[in-house]
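Participant: Take this structure, written in structure tokens, and hold onto it; I'll ask about it next.
The values are calculated or read from the model by the stated rules, or taken from the named source; none is laboratory data. Keep in mind that this is a model prediction, so the values were computed, not measured. Cβ placement follows ideal geometry from the backbone for every residue including glycine, while neighbour counts extend to all protein chains displayed. Surface areas here come from the heavy atoms of the whole protein model, side chains and all, with no ligands, DNA or RNA. Shrake-Rupley method; radii C 1.70, N 1.55, O 1.52, S 1.80 Å.
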Amino acid sequence: MPISGFPEWMPPQRMIEQRVIDRARATFELYGYAPLETRSVEPLETLLSKGETSKEVYLLSRLQAEEGQKSDDQLGLHFDLTVPFARFVTENAGKLQFPFKRYQIQKVWRGERPQEGRYREFLQADIDVVNRGTLPFHYDTEMPLVIGDVLSGLPLPKARIQVNNRKVCEGFYRGLGLEDTAQVLRVVDKLDKIGPAKVIEQLIETAGASQKQAEACIQLAEISSEDGSFADAVRKLGVTDPLLDEGLEELLQVVETARDINPGLVVAELKIARGLDYYTGTVYETQLEGYERFGSVCSGGRYENLATVGNEKFPGVGISIGVSRMLGVLFGQNALSVSRSVPTCVVVALPNEELRRSCDRTAAALRKRGIPAEVAPTAAKFGKQIQYADKRGIPYVWFPGREGEPDTVKDIRSGEQIEADAATWAAPAADLYPVVSGS
């Protein structure tokens with residue numbers, strides 16, 4: 001019986017997911033990120049101190065707790081990969097070389113209300129860079145470029161990475177005279193969900209804003225541009241603050257670097273705030289063209305204080321692809337397909353059971369050369385064996401030669417059949433592995 005929010009995809013969908021994972025891993029490593037996997041559980045107090053609500057954390061407990069077990073020993077399943085990564089860095093700081101660049105591709109758990117593209121158990125693919133003391137800002141400019149390379153190498157709709165900087169927002173709010181900048185951020189982050197009128201209403205009610213101040217917050221949030229013109233638009237609003245100037249300069253670097261290397265990838269979107277409290281500077285959200293209504297599929301940002309040991313800080317910046325979220329949305333719209341339902345490229349036909357060992361040797365010779373092959377399950381009529389391959393989308397059937405005659409291989413799509421030797425025959429590159437395509 002299905003459990004809501006815990007997806008179990010069929011093999012063709014899983015093959016698509018594997019292709020995304022392979023692309024992400026290969027791209028991350030091209031940029032010098034090293035692989036890491038952290039434990040699935042963290043102390044509950046660690047999880048709850050990082051801006052997530054207790055309603056969304058899943059607890060891990062034994063059916064029968066040990067006698068005398070303390071309640072503060074509770075463990076929770078991690079809701080993202082950044083918090084456990086920060087903990088890992090602080091515990092292993094003496095063994096790591098800084099700046100430390102790592103990627104993680106793991107499951108996480110979050111007790112949200114399940115809906116299309118939103119799950120309780122889902123896969124994320126993260127990259128982060130941390131450093132001891134201070135982290136150079138150029139790593140903030142690298143994050144969207146890495147993600148752009150990952151996504152552009154897959155048959156996905158065009159990605160647009162929306163970037164903002166919390167210093168811009170907080171400096172602007174401070175310049176307006178609003179003291180509770182964190183609350184203003186939380187309310188403005190709801191802009192797409194509840195609209196400007198409701199945001200203004202909530203800012204007045206919960207953040208102590210006047211009508212004029214609330215309207216100015218909306219004006220800031222409505223600024224958007226693919227180039228540096230957003231900075232002029234902000235300055236025209238007439239608010240000044242040193243933190244605002246610092247944020248604008250940083251945001252300019254991210255936007256202009258991306259525009260130089262990957263035009264059209266990044267847009268400055270000053271309504272982006274991100275919900276987690278640990279972000280302190282640059283923040284990222286990513287939408288797929290035509291799927292904007294489903295929200296962000298890749299998010300992240302800069303954090304200065306998430307990883308600390310005593311007085312020592314390990315600031316970082318990271319970004320995360322919500323693999324399950326992105327694919328769940330695309331699967332739901334039938335926007336992705338795979339050319340066959342199994343990895344097999346060649347089925348070796350079986351004339352009779354006495355020849356199974358010989359057919360196994362043929363399949364082994366093909367596999368040795370990187371050609372996915374399997375022997376037909378039974379020695380049925382060749383027509384049925386071809387049907388077996390056809391139903392699975394397998395392009396080739398291999399026929400053992402009779403009484404000294406050469407083997408042949410048939411492309412069952414075109415009907416072309418040629419003589420072949422398992423030691424030398426090669427499938428066309430496009431047929432070797434299942435091909436993922438977008439609609």
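Participant: Can you give the relative contact order of segment 267-402 as a percent, counting alpha carbon pairs under 8 Å and 6+ residues apart?
Facilitator: Values: 184 pairs, mean separation 24.4, N = 136.
Relative contact order comes out at 18 percent.
Participant: Further, regarding this structure: Using a cut-off of 19 Å between alpha-carbon atoms, which lysines can reach residue 384, once sequence neighbours fewer than 8 places away in the same chain are excluded?
Facilitator: Within reach: 410.
Participant: Based on the Kirkwood radius over alpha-carbon pairs, what is the Stokes-Einstein translational diffusion coefficient of segment 251-304 at 4 °C with 1.567 mPa s viscosity, in µm²/s?
Facilitator: Details: Rh = 12.2 Å.
So the translational diffusion coefficient is about 106 µm²/s.
Participant: From the residues 303, 137, 100, which one has its Cα farthest along the dipole of the chain in the positive direction, the dipole being from +1 and -1 charges on Cβ of Lys/Arg and Asp/Glu about the Cα centre?
Facilitator: 100
Participant: Given a Förster distance of 41 Å, report the FRET efficiency between residue 8 and residue 158 from their Cβ-Cβ distance, rounded to the nearest 0.05. Please list the in-between numbers first.
Facilitator: Numbers: r = 30 Å, r/R0 = 0.72.
My answer for the efficiency is 0.90.
Participant: Can you tell me the FRET efficiency between residue 305 and residue 64 if r is taken as the Cβ-Cβ distance and R0 is 41 Å, rounded to the nearest 0.05?
Facilitator: Details: r = 39 Å, r/R0 = 0.96.
According to the calculation, E is roughly 0.55.
Participant: For the chain, what % of the accessible area comes from carbon and sulfur atoms, probe 1.4 Å?
Facilitator: Working: 10380 of 21570 Å².
Here carbon and sulfur together make up 48 percent of the probe-accessible area.
Participant: Still on this structure, I have one more. Taking the structure as given and computing percent of Cα pairs over 36 Å apart, which label from (i) 27; (ii) 41; (iii) 53 fits?
Facilitator: The value matching this structure is (ii).
Participant: Which pairs in the list 193/236; 158/212; 95/190 are over 31 Å apart, alpha-carbon to alpha-carbon? Intermediate results must be reported in sequence, preceding the final value.
Facilitator: Working: 193/236 27 Å; 158/212 38 Å; 95/190 41 Å.
Listed pairs above 31 Å: 158/212; 95/190.
Participant: Turning to a different aspect of this structure: Magnitude of the Cβ-charge dipole of the chain, K/R +1 and D/E -1, about the Cα centre, nearest 20 debye? Provide the component values of the computation, followed by the final result.
Facilitator: On the way: 52 positive and 62 negative charges, 232 e Å.
Result for the chain is approximately 1120 debye, rounded to the nearest 20.
Participant: Let me ask something else about it. State the extension gain, in nm to one decimal, for the chain segment bounded by residue 48 and residue 426, taking 0.36 nm per residue of separation less the distance between their alpha-carbons.
Facilitator: 130.5 nm
Participant: Give me the extension gain from residue 277 to residue 197: residue separation times 0.36 nm, minus the current Cα-Cα distance, reported in nm with one decimal. Intermediate values should be presented prior to the final figure.
Facilitator: Numbers: separation 80, 0.36 × 80 = 28.80 nm, distance 2.44 nm.
Contour length minus Cα-Cα distance gives 26.4 nm.
Participant: Report the one residue of 1, 265, 422 whose Cα lies farthest in the direction of the positive end of the charge dipole of the chain (charges on C-beta: Lys and Arg +1, Asp and Glu -1; origin at the Cα centre).
Facilitator: After comparing all options, I get 422.
Participant: How far apart, in nanometres, would the label points at residue 29 and residue 204 be if each is projected 7 angstrom from Cα along the Cα-to-Cβ direction?
Facilitator: It works out to 5.8 nm between the two label points.
Participant: With just the Cα atoms of segment 196-282, tell me how far they stretch along each of the three principal axes, in Å, largest first.
Facilitator: 44, 29, 24
Participant: Follow-up. Among 359, 127, 217, which residue has its Cα positioned farthest towards the positive end of the charge dipole of the chain, with +1 placed on the Cβ of Lys and Arg, -1 on the Cβ of Asp and Glu, and the dipole taken about the Cα centre?
Facilitator: Farthest along the dipole direction, towards plus: 359.
Participant: Nearest 500 deg cm²/dmol is fine: what mean residue ellipticity at 222 nm does the chain get from its DSSP H runs of n ≥ 4 alone, each adding -39,500 (n - 2.57), divided by its residue count? Mind dumping the intermediate values first?
Facilitator: Details: 14 runs with 161 residues, N = 439.
For the chain, the value works out to -11000 deg cm²/dmol.
Participant: Okay, next question. Any idea what the dipole of segment 381-439 comes to, in debye rounded to 20, about its Cα centre with Lys/Arg Cβ at +1 and Asp/Glu Cβ at -1? Please list the in-between numbers first.
Facilitator: On the way: 7 positive and 9 negative charges, 90 e Å.
I would put it at about 440 debye.
Participant: As an exercise, identify the trypsin sites (Lys or Arg not before Pro) in segment 380-436 lying in DSSP coil whose Cβ has no more than 11 other Cβ atoms within 10 Å. Numbers along the way, then the final one.
Facilitator: Numbers: sites: 381, 384, 391, 392, 402, 410, 413; in loops: 381, 402, 413.
Qualifying residues, ordered by number: 381, 402, 413.
Participant: Taking only complete DSSP H runs, can you tell me which helices of the chain stretch 27 Å or more along their own long axis by Cα positions and average at least -1.0 on the Kyte-Doolittle scale?
Facilitator: Membrane-span-like by this criterion, though nothing is claimed about a membrane: 11-30, 242-261.
Participant: Right, something else. Could you check the spin-label model distance between residue 249 and residue 381? Points 7 Å from the Cα along Cα→Cβ, value in nm.
Facilitator: Modelled inter-label distance: 8.1 nm.
Participant: For the chain, which span is the longest to avoid every loop-located (per DSSP) member of GluC sites (Glu not before Pro) having at most 15 other Cβ atoms inside 10 Å? Don't skip to the end; give the middle numbers.
Facilitator: Numbers: sites that count: 8, 37, 66, 67, 112, 116, 179, 222, 289, 403, 416.
Longest run free of exposed loop sites: 290-402.
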